[in-house]
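The values are calculated or read from the model by the stated rules, or taken from the named source; none is laboratory data. All of these numbers come straight from a predicted model, not from anything done at the bench. Backbone-built Cβ (ideal geometry, glycine too); neighbour counts: all protein chains shown.
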Amino acid sequence: MDTINENTFKLYMQVAKSHDNDHYINGYRRGLRRHYHSTQFDTEDHHARWMAQTGEQGQGYRDGLAGMPPRGYRPASEDDQPAEVATSVIHINVPRNLKAACVRDAQRQRMKLEQWVADAISEKLMRDSAC
């Protein structure tokens with residue numbers, strides 16, 4: 001399958017984030033990032049470990065990696081095109097050492113800092129059942 005475009009990537013991630021934080025969705029989101037960002041996201045070793053996983057998390061990873069929509073997603077009609085996901089800007093001041101740690105972790109995961117921060121916020125909210 002061809003790599004999905006940015007609008008489709010954002011739509012699928014938004015749909016996945018609206019689901020319960022279950023094993024399938026955790027794997028799916030990681031697989032979708034790998035699909036969209038290719039080898040720039042994560043290491044080959046991590047990719048191989050995710051591919052070897054069985055069960056819901058492994059299936060979610062493989063579905064995302066294939067660029068498929070998340071399980072249960074149905075567009076309103078066949079003609080629907082993925083919509084532009086609305087975004088907002090957050091400006092925050094943090095201690096330099098905290099930002100440096102975030103940058104290092106984002107680089108380790110081969111992610112842009114912006115996406116790393118958005119994912120960290122989303123995961124925290126899902127863990128706390130705030131959304």
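Sub-8 Å Cβ pairs linking a first residue in the stretch 30-44 that is under 15 Å from Thr8 (Cβ atoms) and assigned by TED's automatic domain parsing to the domain that holds Gln115 to a second residue that is modelled with pLDDT of 90 or more and in a helix (DSSP H, G or I), at least 6 apart or interchain, number zero. Can you find a residue in the stretch 23-34 that is in a loop (DSSP other than H, G, I, E, B) and at pLDDT 85 or above? No: zero hits.
When Val85, Val94 are checked against the criterion of being part of a loop (DSSP other than H, G, I, E, B) and at pLDDT below 90, a single residue qualifies: Val85. Per the conditions (1) in contact with a Leu (Cβ under 9 Å, 6 or more places away or on another chain); (2) modelled with pLDDT under 85; (3) in the same structural domain as Gln14 (by TED's automatic domain parsing), the sole criterion not satisfied by Pro69 is (2). Per the conditions (1) at pLDDT 90 or above; (2) within 16 Å of Ala118 (Cβ to Cβ), the sole criterion not satisfied by Ala52 is (2). Within the stretch 91-105, residues that are within 15 Å of Gln115 (Cα to Cα) reach partners that are modelled with pLDDT under 90 with beta carbons closer than 7 Å, at six or more positions or on different chains, in the pairs Cys102/Leu113; Cys102/Trp116; Cys102/Val117; Val103/Leu113; Asp105/Trp116. Taking the stretch 35-61, which residues are surrounded by 16 or more Cβ atoms within 10 Å (Cβ to Cβ) and in a helix (DSSP H, G or I)? If the condition is that a residue be surrounded by 16 or more Cβ atoms within 10 Å (Cβ to Cβ) and in a helix (DSSP H, G or I), then His35, Tyr36, His37, His47, Trp50, Glu56, Gln57, Gly58, Gln59, Gly60, Tyr61 are the ones that fit.
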